[in-house]
Amino acid sequence: MSDHDEIGLEFKRVLRRLKLSPLLETLPERLALARQRKLTHAQFLEIVLSAEAERRERISAESRAEKGKLEKSMRLDAWDETAKVTYDRALWERLCTLAFLENHHHVLILGPVGVGKTFLANTLGHIACRRGHTVQFWRADKMLKHLKASRLDNSHDKEMRKLIAVDLLIVDDFALDAMDHHESRDVYELTVERQRAGSMIVTSNREPAEWFAMLADPLRAQTAVDRLKNAASELVVDGESYRPRQKPK
């Protein structure tokens, strides 16, 4: 009798009732391997259930990353270590532990155009998704336009709550363009509220000292930038452009 024959209809029904039917795809091979290794029933069950738990965790992480609009290709294992860019490696290793997220601190990733700031921000987002956190990625100009448009249908408060509620908010290319009074107010509210609610990762081509001039309201600009900067680790990236390494092969 083959391992396939051993898996009867009633057993398959039980697996479906327990929502474990994906186990059926590899169960015959695992049964054969268990016999070869002379595993006990407990050892076999541990291996099978551990594999299923890992599969579910992977699917959940991928779902959170997709919902958060993270770039699939920008993961830690895809980063090209031969890239001629420089940054504080010890700080980067600490950031990858997500200690900043647990402590509701922020991360500023700063540097010139094309050095991989967006890639590194996405990488931290994917790590957070694998750890069970909710993440949302926005390009700064699109986020602010979205919030401005939400005022027209009275959904602004709802949209702000979404940005505040997520565990990790990633804002890419911040202060690339000048911001009007509405946009400046939204930046102020986000930085104030998220200091209590969760963490932010902000990437920018400009130094924080240059952000003041990009916000229309000087007082709110000073408060927002001061709160963000003094609660954040700064990862400065420099070197050649990383983008040629991302060209389709």
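Near the amide H of Val115, within less than 5 Å, lie the amide hydrogens of Tyr242, all on another chain or at least 5 residues away, with H placed in the peptide plane. Stretching Ser150 away from Ala165 to a fully extended chain increases their span by 3.7 nm, per 0.36 nm per residue minus the current alpha-carbon distance. For the listed peptides 18-30, 68-80, a ranking on the average number of other beta carbons within 10 Å per residue, highest first, reads 68-80, 18-30.
Only lysines eight or more places from Lys158 in sequence, or on another chain, were considered; those with a Cα closer than 20 Å are Lys67, Lys69, Lys142, Lys145, Lys148.
In the chain, helical runs assigned H by DSSP with n ≥ 4 each contribute -39500 (n - 2.57); averaged across all residues and rounded to the nearest 500, the mean residue ellipticity at 222 nm is -16000 deg cm²/dmol.
Computed from these coordinates, which is volume of the Cα convex hull per residue in Å³: [x] 138; [y] 191; [z] 121? This structure yields the entry labelled [y]. Principal-axis analysis of the Cα atoms of the chain puts helix 181-197 at an angle of about 50° to the longest axis.
Modelled spin labels at Asp180 and Asp141, positioned 7 Å past Cα toward Cβ, are 1.5 nm from each other. Extension gain, Asn103-Leu39: 0.36 nm per intervening residue step, less the Cα-Cα distance, totals 18.7 nm. The amide H of Leu235, built 1.01 Å from its N in the peptide plane, has Leu108, Ile109, Leu110 as neighbours under 5 Å, considering only residues 5 or more places off or on other chains.
Looking at the square roots a ≥ b ≥ c of the eigenvalues of the Cα gyration tensor of region 177-249, which shape do they give, rounded for a/c under 1.5, prolate if a/b is larger than b/c, or oblate? Because a/c hits 1.5 or more and a/b exceeds b/c, region 177-249 counts as prolate. Annotation: extensible slack from Thr26 through Glu54 equals 8.7 nm (criterion: 0.36 nm per residue apart, minus Cα-Cα distance).
Any read-out appearing in this document is the output of simple, stated calculations on the displayed coordinates, not a laboratory observation. These numbers come from a predicted model, not from an experiment. Positions of Cβ are generated from backbone atoms using ideal geometry, with glycine treated the same way; all protein chains shown enter the neighbour counts.
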